[in-house]
Structures are given as structure tokens and as C-alpha cells.
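J.: There's a structure below that I have some questions on.
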Amino acid sequence: SSSTSLRVTSLNLSYKGLGGPISTAIANLTALKFLDLSNNNLTGTIPDFLANLSSLQSLDLSYNKLDGPVPADLCHKQAKGLLRLRLDNNRCSSEGACDCSKHTNETQVPVTVAQKAPVISVAVTVVVVLILLSVFILWRRRRGKSQPSKPQLKWRQIGGSSFHTDNSHFTYQDLRTITNNFERAIGKGGFGTVYYGRLPDGTEVAVKMQKRLLAIGEGITEELKNDELSSHSHAIKEFQVEAQLLSRVHHRNLVSLIGYCNEGYSLGLVFEYAAQGSLRDHLSEKASSEKNLSWRERLRIAIDAAQGLEYLHKSCKPPIIHRDVKTSNILLSENFEAKIADFGLSKSFLSDAQTHISTHAVAGTPGYIDPEYHNTFRFNEKSDVYGFGIVLLELVTGLPAVLKFPETGHILQWVRQGLARGNVADIVDLRLKRRYDICSVKKIIDLALLCTSMDANERPTMTVVLMLLKESLQLELARGEPELCMSSSTEIPDVSQSGTSEITSSVTELSGPSAR
């Protein structure tokens, strides 16, 4: 709507492939301060209505095919320092019509000595004020030397433009330079698209850009425009949540936030780069043989991810629940160290005493959502545990959470049916080629079933999950000659305040007559 459009203060339509005359729809954006239409194929003359945008402070029309002359009012605003105007590399540039000097010269009239007097008086006053202001600034600087200042990161000059960030803030132009004009997309999600980037010092990064507001004047309907504004509002909320959470949590198994961009409708987050992609990439049927993970590698990835979640649940004050634990949100570094990512849906408890968060807005991904949520509309730490249990089943089977063959179903149901047939090996990922300790695999299956119990009270904490994962890894590391073993349906250990544990197991045979 027009009332919604009037609130737009910044519009960046550079490199959008726009053609034809400049759209008259921009005339409705009366609150517009920054307008970038550079690097397009705009033709025709520069419209007069641009001069009527009273709030406009910056107008970039460079690298188009615009003809002159430039509206006189625009030139006058530029001459008065009220508008930053760029018109280079247009048709009017070669014809000399982009030159505003003739407009400003036309308004100049001879000035008498009497008229110069008040001007001189004003100039003297300005000089005095500047001197006093300089003295004040020097005094403040000397006073401030005794007080610690906030660190400012300064990136060295690159590509003709320098980066200046305060508290890791990037401009939209910074992100364009880092990503080589958003050349290489490495992922997509509900928030937007993730691009590969490289900082001036050579550090590889991932830049997550929120979906941009649809370009005004591209023939879109008002209804579609309003839908985009609504989704944009939701994206801003997720953007703020992720930026705020990651700015205060630091753990080797959580993706690190390097910086952010919040400029007009350009929202972006700059993360450390995960060279090996997501865990889902390696478990997918389309994964190449080079990405095939061994059982030992899968266990170590599970341990890393569990350590990240345990940190959120136990070390953060107040605790944080992720609410979207899944294999595509577990990223892998160059050396396959796992890091939990995507905190857009995360929530902090109001206090350490709070045990759950109530919400009627469905959050999470189908296949990973705690079944208790549908009855209680409550999320807690055990909701993350449920999602992690599904991740463990994916590590064992290599299958996605939601199956599409031979008919639609859920991985948990498929695993239970396979176990009922009595042969554990039948549900294990064939790409492992039976190169694993069967006791280690059975222990993980038992743990996954505990984590996905319908009753949240029966699920272990992430502290217990981490302990059992490490025990399973020890079994795999000690693997020697193949042995038959008896799986124990592991009960949740009692973890005392001192950190010691007593594990009780009820022995239930799944396959094979003897135990390790």
C-alpha cells in the first residue's frame, strides 16, 4: 500500500537488470533517503519527480543509458550540499548534459560590497565556532585516554574501497565486495541465500543474505508487494535473534558469527566458512563416494554436535534451546569438526528456573519436531534432544528424517519396523560396508530410541547423551576381530551433582546370543 511504501527510507536496486524509464512508483516513496539505481539499463531522461523527494540525500544513477539534461532542482540540491548525486557513465555524460555547473552558474548574480559584508560576518562567526569546537574535541580526547574504548576493526583497502567496521558491522557494499558481487551461492533456506566470500585477509566466510524486498516498478502487484513486506518483517525478527544469540555464545562446536549487515532492506550475517558443507550433504543419496563418512567419523561428528547443544543447555545463562536441530544445521569444517548452525528459531529461557517456552507458532522442520509440542505447544531442552535423536538415526541409516520410498513415512517408524525383524545390520547404511563395531552401532540405536521417546521425561539430557556417545566411540576404537554382542536397551544414567554417573542397563537381545 501507499502508506507502507512511504516508510521506505533506503532502496538498493543496483545490478537488477532494470530497463526503460525510471519508474514513477518511486515518486510515492516520500521518506526515501538513499536510492541506488546504478549498473542497470535505464533509458530516457532523468525525471523531475526525483527532485521532489524532499528526504532524498543520496542518488546513484551511474552506469545506465540516461539522457540529459539533469533537472535543475537536483543540481541546486547538489550545489547546496543537500544531495549526493552520481551520474557518471551515462549517455548524458558524453554529451556534457550531465554537468550541473550551467544550472548553478545561471543563478549567480553580481555581488556588491554591501552584500558581501553580512557574508563576511557569517564567515567569521563560523570560523570562531569551528575553533571552539576543535578545542572541545581535543579536550574530550585527552579526557578519554584514561577510559578504555570499544575496539574497532579496520579492514585493509581492497578493490579501491576500504572496510570500516564498528562491532563487526558490514555495509551492503562490503558484502558485495567480499562475495565478488554474490557470485557463488552455497546454500538456500527460509532466511535467504548463503554465499561464499573471502575477507581482505584471505579468511573464507559464508554470507547469509536475507531475501531482498521485491523491486518497485517491476510490474508486481500491491498484494504481492505487501506479502513480501510481511515476510520481510518475519525475516528481520529471525535475523535479530540469530545475531543477538551468536554475539553472546562462543563454543568450538557452534558456528561463529564474524559480522552483520543491517542497511535498509539489506540484511546479512557473516559466518565462519564450513568447507565440508552440512552433515545432510554427506548422508544424501546424491553424495559422492568422496563424501562417504566412516562410522568412526559419524560418531565424532555426533559428539561434536552434542557438545554444542550441551553448551547451549547447560553453560549459557539463561539456557538456550535451538528448536531446529537437524542434519542440515550441522556444518562441517575442513577437518570435519561439527558445528551447530542456524539460530533463527532459537529461544532463551527468561531465567534458569524456567523449564519450558510456550508458543503457538510452529517452529522447526517436519520430521524433527517434538511430538509433545502438538499437545502442549511447549518447547524445552528435551525438544532439542528429540531432534538430536533423529539425527542419530540418520547417521546410522543414512536415510532422511522423512522417507519417500517405498512410501511416505518417518525414519523412526522405519527403524522400529526393522528392529522388529531382528537384524540390526539391515537398517545400517549400506555405504558403511559393515566396517563398524556392531556393539557400538547398537548402543547408538538404543540411545536414539531413548532420545525420541514419546514421553519427554524419559529422554536423557544432552550431558548423558554426550557421555553415551563417547562410550560408543570407545567401543569402535577398540574394534578388533568381529564378535557377536548383545545390545542393552540403555536406561538413562543417574548423573549426580559431582558429575559421576551410575549406568543401569536392562539387557535385551536384539541379535546374536553373546555379549562383548
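J.: Identify the single condition in (1) crowded, with 22+ Cβ neighbours inside 10 Å; (2) within 28 Å of the chain's Cα centre (by Cα) that VAL464 does not satisfy, given that it satisfies every other one.
T.: (2)
J.: Moving on to the next point. Quick one: is CYS451 touching a residue at least 24 places away in the same chain (Cβ under 8 Å), touching a Gly at 6+ places or on another chain (Cβ under 6 Å) and not acidic (Asp, Glu)?
T.: Numbers: touching a residue at least 24 places away in the same chain (Cβ under 8 Å): yes; touching a Gly at 6+ places or on another chain (Cβ under 6 Å): yes; not acidic (Asp, Glu): yes.
So CYS451 fits the description; yes.
J.: Can I ask one more? Taking the residues in segment 336-346 that are of a type in the set (A, V, I, L, M) and closer than 22 Å to GLY192 by Cα as candidates, determine which candidate is modelled with the lowest pLDDT. Before the answer, list the steps.
T.: Residues of segment 336-346 of a type in the set (A, V, I, L, M): 338, 340-341, 345.
Checking the rest, the ones that are also closer than 22 Å to GLY192 by Cα come to 340-341, 345.
Numbers: ILE340: 95, ALA341: 90, LEU345: 67.
Among those residues, the one meeting the criterion is LEU345.
J.: Looking only at segment 414-426, decide whether some residue is free of Cβ contacts under 8 Å to residues at least 40 places away in the same chain and not in a helix (DSSP H, G or I).
T.: yes
J.: Would you confirm, using the coordinates I've provided, whether SER472 is farther than 24 Å from ASN292 by Cα, modelled with pLDDT of 90 or more and in the same structural domain as SER289 (by TED's automatic domain parsing)?
T.: Working: farther than 24 Å from ASN292 by Cα: no; modelled with pLDDT of 90 or more: yes; in the same structural domain as SER289 (by TED's automatic domain parsing): yes.
Considered against the rule, which asks whether it is farther than 24 Å from ASN292 by Cα, modelled with pLDDT of 90 or more and in the same structural domain as SER289 (by TED's automatic domain parsing), SER472 comes out as no.
J.: For segment 316-335, state whether one or more residues are touching a Pro at 6+ places or on another chain (Cβ under 9 Å), within 16 Å of LEU279 (Cα to Cα) and either modelled with pLDDT of 95 or more or of a type in the set (Phe, Trp, Tyr) (or both). Steps first, answer last, please.
T.: Narrowing segment 316-335 to residues touching a Pro at 6+ places or on another chain (Cβ under 9 Å): 327.
Add one more test, that the residue is within 16 Å of LEU279 (Cα to Cα), and what stays is 327.
Add one more test, that the residue is either modelled with pLDDT of 95 or more or of a type in the set (Phe, Trp, Tyr) (or both), and what stays is 327.
Yes, segment 316-335 contains at least one residue that is touching a Pro at 6+ places or on another chain (Cβ under 9 Å), within 16 Å of LEU279 (Cα to Cα) and either modelled with pLDDT of 95 or more or of a type in the set (Phe, Trp, Tyr) (or both).
J.: Let me ask something additional. Within segment 206-229, is even one residue within 28 Å of ASN335 (Cβ to Cβ) and either part of a loop (DSSP other than H, G, I, E, B) or modelled with pLDDT under 65 (or both)? Walk me through it before giving the result.
T.: First, the residues of segment 206-229 that are within 28 Å of ASN335 (Cβ to Cβ): 206-209.
Still in the running and either part of a loop (DSSP other than H, G, I, E, B) or modelled with pLDDT under 65 (or both): none.
No: zero hits.
J.: Another question, then. Which count do you get for residues in segment 389-411 that are farther than 17 Å from ARG280 by Cβ and outside any loop (DSSP other than H, G, I, E, B)?
T.: Count: 1.
J.: So, in segment 274-317, of the ones that are under 22 Å from the mean Cα position of the chain (by Cα) and more than 20 Å from GLY389 (Cβ to Cβ), which residue ends up surrounded by the fewest Cβ atoms within 10 Å (Cβ to Cβ)?
T.: Going through the qualifying residues, I end up with ALA275.
J.: State all residues of segment 47-103 that are farther than 24 Å from ARG7 by Cα and touching a Phe, Trp or Tyr at 6+ places or on another chain (Cβ under 7 Å); if no residue qualifies, say none.
T.: The answer is ASN89, and nothing else.
J.: Could you check ALA274 against (1) in a helix (DSSP H, G or I); (2) over 22 Å from ARG434 (Cβ atoms); (3) modelled with pLDDT of 85 or more and say which number it fails?
T.: Exception for ALA274: condition (1).
J.: What pairs come out if I take residues in segment 382-410 that are farther than 19 Å from VAL428 by Cβ and pair them with residues that are among the basic types (Lys, Arg) whose C-beta lies under 7 Å away, six or more apart or interchain?
T.: What qualifies is LYS382/ARG459; SER383/ARG323; VAL385/ARG459; TYR386/ARG459; GLY387/LYS326.
Here's the yes/no breakdown for (1) of a type outside the set (Val, Ile, Thr); (2) more than 18 Å from LYS77 (Cα to Cα); (3) in contact (Cβ under 8 Å) with a residue 40 or more places away in the chain; (4) part of a loop (DSSP other than H, G, I, E, B):
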| site | (1), (2), (3), (4) |
| --- | --- |
| ALA25 | yes, yes, yes, no |
| THR30 | no, no, no, yes |
| LEU35 | yes, no, no, no |
| SER38 | yes, yes, yes, yes |
| SER54 | yes, no, no, yes |
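The values are calculated or read from the model by the stated rules, or taken from the named source; none is laboratory data. On a predicted model such as this, the values are computed, not experimentally measured, just so you know. Using ideal geometry, Cβ is built from the backbone for each residue, glycine included, and neighbour counts are taken over all protein chains shown.
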